[in-house]
1. Please name all residue pairs, on different chains or six or more residues apart, with Cβ atoms under 8 Å, provided the first residue is in segment A:121-140 and is open to solvent by less than 40 Å² (accessible area, probe 1.4 Å) and the second residue is among the aromatic types (Phe, Trp, Tyr) and not in a loop (DSSP other than H, G, I, E, B).
2. If you scan segment A:26-42, which residues turn out to be modelled with pLDDT under 95 and open to solvent by 30 Å² or more (accessible area, probe 1.4 Å)?
3. For segment D:14-38, name all the residues that are polar (S, T, N, Q) and farther than 25 Å from C:Thr54 by Cβ.
4. Of all residues being touching an Asp or Glu at 6+ places or on another chain (Cβ under 9 Å) and open to solvent by 30 Å² or more (accessible area, probe 1.4 Å) in segment D:67-100, which is nearest to C:Gly57 (Cα to Cα)? Just the residue, please.
5. For segment D:24-39, enumerate the residues that are without any contact (Cβ under 8 Å) to a residue 24 or more places away in the chain and either within 16 Å of D:Gly77 (Cα to Cα) or under 14 Å from the mean Cα position of the chain (by Cα) (or both).
6. Check off (1) out of contact with any Leu (no Cβ under 9 Å at 6 or more places or on another chain); (2) not in a loop (DSSP other than H, G, I, E, B) for D:Leu13 and give me the number that stays unchecked.
7. Of all residues in segment B:116-130 being under 12 Å from the mean Cα position of the chain (by Cα) and at the interface with chain C (Cβ under 10 Å from one of its Cβ atoms), which is farthest from B:Asn90 (Cα to Cα)?
8. Please go through segment B:101-115 and pick out each residue that is closer than 23 Å to B:Met11 by Cβ and either without any contact (Cβ under 8 Å) to a residue 60 or more places away in the chain or open to solvent by 10 Å² or more (accessible area, probe 1.4 Å) (or both).
Number of protein chains: 4
Amino acid sequence: MQPVMKGDEIMDLLDEVFPQIHAGGRVYAIDSVLPGEAAVRLSANELHLRPGGTVSGPSMMALADLAAYVVILAHIGPEALAVTTNLNINFLRKPEPGDLIATCRLLKLGKRLAVVDCGIAGEGQEDLVAHATATYSVPPR
Amino acid sequence: MQPVMKGDEIMDLLDEVFPQIHAGGRVYAIDSVLPGEAAVRLSANELHLRPGGTVSGPSMMALADLAAYVVILAHIGPEALAVTTNLNINFLRKPEPGDLIATCRLLKLGKRLAVVDCGIAGEGQEDLVAHATATYSVPPR
Amino acid sequence: MQPVMKGDEIMDLLDEVFPQIHAGGRVYAIDSVLPGEAAVRLSANELHLRPGGTVSGPSMMALADLAAYVVILAHIGPEALAVTTNLNINFLRKPEPGDLIATCRLLKLGKRLAVVDCGIAGEGQEDLVAHATATYSVPPR
Amino acid sequence: MQPVMKGDEIMDLLDEVFPQIHAGGRVYAIDSVLPGEAAVRLSANELHLRPGGTVSGPSMMALADLAAYVVILAHIGPEALAVTTNLNINFLRKPEPGDLIATCRLLKLGKRLAVVDCGIAGEGQEDLVAHATATYSVPPR
């Protein structure tokens, strides 16, 4: 499963079609795109934090959803519009202050559905702070 | 199952302990608190919208998570701190422009876990745009 | 949303295409089929029980999956083959001995996906012992 | 995270406390127990098959639930009783005839909750046929 778009191409596309993801400040970056996998970084600002400097649950859900979209786009290309149909997330540990990285793997890239597995961890940390699976409906291509 | 806090008491508490939920503008309101149930409204602003004026998936996840928290707080009271452990959401239809309302019901309020069922719909609409279930860990009380 | 098959027609179809659901004994019955809704009963035998006479988790998952299938078949008719793509279940309380009834509602019956909400309770009981949501992929029709 | 029970000790315990899992024939085996991980095999019989010799969805749910239980028991020991509170499963591909193996990893082993990630694949196959996450409530220990 080879990617057909690079990280900066995907970010350019997101900037164009979903400018709103940057409405609260430019906090997302694509760290890597590999065969079947992508990593997206959240450099949280005050919109994403809870008391104590910990990243909020909804911010982690948004990160998982975006990172899942990135790994799918990377492998189906820019012409196709995918929409989330299901997201399931388990919150495992309270994140420490600092960037969070969501690493998503394609479990399936089918004709109609793509299923993605995402682990979220602090930079350089091994223990996950959250784990999500997401399903996207992908258009015929 | 009788609520022990009213909507405005809960909103005061949220303002105090989670002021960040209003960091992007004051968009959430508690419409009602009933036995075993609560309804929370999202009056979306530009942070929550996607092209075409439709509310984004992450905004619906954040709304479901908040509304689940509200119904739990309403029934366990202000002294207790609950944290989300799992959230599962199905996106059913693209929302039309306008306010969204998440109506959450307590499926279980146990000693350790609370489980909540949430339907999200446009105001006055019958068809759900999303459906979520959430589990919160609740402290001993 | 009107059903196009009755309960006994659906059970005849299941007997024909999935005779294996009865391999361990005839334990499932369709209690009702209504617009957008169906109820399926499990009269558990020793295959489904755990110590103390309580129905096992896997038996409740199987019941939810079957009942979701029944409500979908009831509304799309016999020509179509639907397959489960996702099932999420929360176990809420230990069931007491006796029949369990899964009541499933169609949250969405789309061109490609059907999403169903299922509550499982003991006969005549109000409190749910488990709650599930299931997504089925439905063929073009 | 070191296991405190071996595979055959766990199977002896299951035989004693959950003899019902073998009520339809002895189909489960524990292939391996490693730090943070365990693999459980299903040698399906007629109770688990669908037309065409493919393993049914409910059989995969039961396998994921059992394998998640095995990896938790392996790390908390025999004195503790854990119960499933949530299971979420995505069905990815139709399994080919033959044994299925569920490989489960502990994502978290907390004081109150354990969260497990499970991939199910045919023997020697790389592509998963299903992926599950499960949460167990674990007793104080």
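The values are calculated or read from the model by the stated rules, or taken from the named source; none is laboratory data. This is a predicted model, so every value here is computed, not measured. Don't worry about glycine lacking a Cβ; one is built from the backbone with ideal geometry, like all the others, and counts go over all protein chains shown. SASA here: full protein model, heavy atoms, side chains in, ligands and nucleic acids out. Shrake-Rupley method; radii C 1.70, N 1.55, O 1.52, S 1.80 Å.
1. Short answer, once both residue conditions are applied: A:Val129/A:Phe91; A:Ala130/A:Phe91; A:Tyr136/A:Tyr69.
2. Going residue by residue through segment A:26-42, those that are modelled with pLDDT under 95 are A:26-27.
Matches in segment A:26-42: A:Arg26 only.
3. Here is the first cut: in segment D:14-38, the residues polar (S, T, N, Q) are D:20, D:32.
Within segment D:14-38, just D:Ser32 meets the criteria.
4. For segment D:67-100, the residue satisfying everything is D:Pro78.
5. D:Val27, D:Ala29
6. (1)
7. Result: B:Val116.
8. Going through segment B:101-115, the residues closer than 23 Å to B:Met11 by Cβ turn out to be B:101-106, B:109, B:114.
Passing the criteria: B:Ile101, B:Thr103, B:Arg105, B:Leu106, B:Leu109, B:Ala114.
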